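Below is one structure, written out as C-alpha cells; comments come after it.
Every number in this text was worked out from the coordinates using simple rules, so none of it is lab data. Given the structure is predicted, the values throughout are model-derived calculations rather than measurements. Don't worry about glycine lacking a Cβ; one is built from the backbone with ideal geometry, like all the others, and counts go over all protein chains shown.
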Amino acid sequence: MSTAAEKSSTYHIDPTLALPSYRTTAGRLGMGPSFGNTELWVNTKNTGDVERVFSIARGQTVIGSIAIRFSIAGRPLRDAGSFAMTEAMKVYTPLSLDLEEVAVEIHPAFLRRRFDVGGSIYITETMFLPLSSVHDSKQSDPPVLYQMVQLENRGEHEQDLRINGFARLRGDTSDDVRAAYDAGTFALVARTASADSPVRVFGLTREPTAYETSFDFGNVYSMSRTAPLSNTTDAHGDILGSLQLDVVIAPGKSERFAFKTGIYEQSEPEKLKHFAGVSGMESLERTLTALDDELHRGEVITPDEVINDGALWSKVNMRRVMARYPIGWLFTNDPGVTSNVVIRDCAWFVMGCDYFAPEFSR
C-alpha cells in the first residue's frame, strides 16, 4: 500500500457519524491502543496482535496473546514441473509485512489496519470491543472481542489464501487448560480443569477448515511455511488454540469473516448461543450508534478544532474504563492490571464524567 506513509500524518473524520479518528502507520506506533467495555479490557501491540484479554469481573488476564496470520499458496520447487497442483502439493508461505507499509486508523470505536500484497490482495483488519449504552443501569456490554477481516482480490488471477488465528488460552489461570471444538459455534471452548475460571471461547463467524490445540508456538512466527492443523484437541495445559480458514478468491471478489473471543462464566451456557448468533458488522453498527449518542452529549465547542476533538477523545477514554462490577457501575484507574477500586479516584472520576454520562455518575 504505497500511500500509507503519505497519509500517516493526516486527520480523518468518519463521514457517517463525524467521529474523529487518526491515521498513521504501524511502524510509527510504539504499542497498539487499548480497548475496554463493561466486561473486558484488551491491550494490543503495534503489530496488530492482541497482547492480552483481561476479565474485569475476575480481576485477571484470562487469555494471553491472540495473533492472525495470512499465508499464500504455492508449490515447492521439486513439483514445479507438474502440470496441475494438487492439495497435497500446496505449501502456504506466510506473508511478511513492513510495518511502515501498514496503514492504521485509530477510531473511537475500533482499530483498523490496511495493507496489500503485490498490489493484488488487499487486506483490512478491524478490531473492537462492542459497546452498548451506559444509560441502561441493567445493561452490560457483550464480553466478546471481534477481529474482523476483509480480503479483496483486485488482481487478474485467482488467489488461494490461508488465514490462521492463534490464541494462548491460558492467560494467567492455572496451566491445566483443556479445550474442545464446538461445531455449533465454530469455536474452541476452553476450560481450566482445576479451578473455577471463566470459559474462554475462540471462534470464527464461519466454519473453519481446520482447528487444533497444541504447543506449536513456532507456527505463529514461522517465516517459511504455515503448517496445516490436525483437527485434534488432545493437547492440554498451557495450550495454543488454533483455527485455520482456507479461501480461494476470484478476481474482483472479496471475502469477509471475523475471529471472535468470548469470556463467559461457567453458569452461562445460554451466552454461547449469543456468541454464535451476532455478526461482527451488526455488533460494530450498534457500537457506532451507541458512541454517537454518548459522545455528542455535553459537547465542548471552541474556535479550535483540536481542542474540540481532544475533549471528545477524553470522553472516549472515560467510556472505555466504565466497568460493570457485581455491585454496579465503577471505575479503576489501573485497567487491565487490577479490578480494585479506589473510592477517592472514583469520586473524582464521577465529577468529571457526569456531564455526558450522568447515569454512570449516579
| task | For segment 231-245, indicate whether the set of residues that are in contact with a Phe, Trp or Tyr (Cβ under 9 Å, 6 or more places away or on another chain), surrounded by fewer than 17 Cβ atoms within 10 Å (Cβ to Cβ) and in a strand (DSSP E or B) is non-empty. | result | yes
| task | Please work out if residue 242 is out of contact with any His (no Cβ under 7 Å at 6 or more places or on another chain), polar (S, T, N, Q) and under 20 Å from residue 66 (Cβ atoms). | result | yes
| task | Keeping to segment 180-220, report how many residues are part of a strand (DSSP E or B), within 11 Å of residue 241 (Cα to Cα) and hydrophobic (A, V, I, L, M, F, W, C). | result | 7
| task | Confirm whether residue 171 is in contact (Cβ under 8 Å) with a residue 40 or more places away in the chain, under 19 Å from residue 263 (Cα atoms) and assigned to a strand (DSSP E or B). | result | no
| query | Of the residues that make up segment 110-129, is at least one within 19 Å of the chain's Cα centre (by Cα) and surrounded by fewer than 17 Cβ atoms within 10 Å (Cβ to Cβ)? | reply | no
| said: Can you tell me how many residues within segment 333-349 are in a helix (DSSP H, G or I) and hydrophobic (A, V, I, L, M, F, W, C)? | reply: 5
| said: Can you say whether residue 275 is within 26 Å of residue 162 (Cβ to Cβ) and in a strand (DSSP E or B), as far as the supplied structure shows? | reply: no
| field | Index of the failed condition, residue 330 passing every other in (1) without any contact (Cβ under 8 Å) to a residue 24 or more places away in the chain; (2) out of contact with any helix residue (DSSP H, G or I) (no Cβ under 9 Å at 6 or more places or on another chain); (3) within 20 Å of residue 143 (Cβ to Cβ); (4) surrounded by 14 or more Cβ atoms within 10 Å (Cβ to Cβ) | value | (2)
| note | Given the conditions (1) farther than 27 Å from residue 121 by Cβ; (2) crowded, with 19+ Cβ neighbours inside 10 Å; (3) in contact with a strand residue (DSSP E or B) (Cβ under 7 Å, 6 or more places away or on another chain), every one holds for residue 319 apart from (3)
| Could we say that residue 352 is surrounded by fewer than 17 Cβ atoms within 10 Å (Cβ to Cβ), in contact (Cβ under 8 Å) with a residue 24 or more places away in the chain, more than 28 Å from the chain's Cα centre (by Cα) and part of a helix (DSSP H, G or I) here? | yes
| query | Taking into account only those residues within segment 284-313 that are among the polar types (S, T, N, Q) and closer than 26 Å to residue 146 by Cα, which is nearest to the chain's Cα centre (by Cα)? | reply | 287
| note | For residue 187, the lone unmet condition from (1) surrounded by 24 or more Cβ atoms within 10 Å (Cβ to Cβ); (2) free of Cβ contacts under 8 Å to residues at least 60 places away in the same chain is (2)
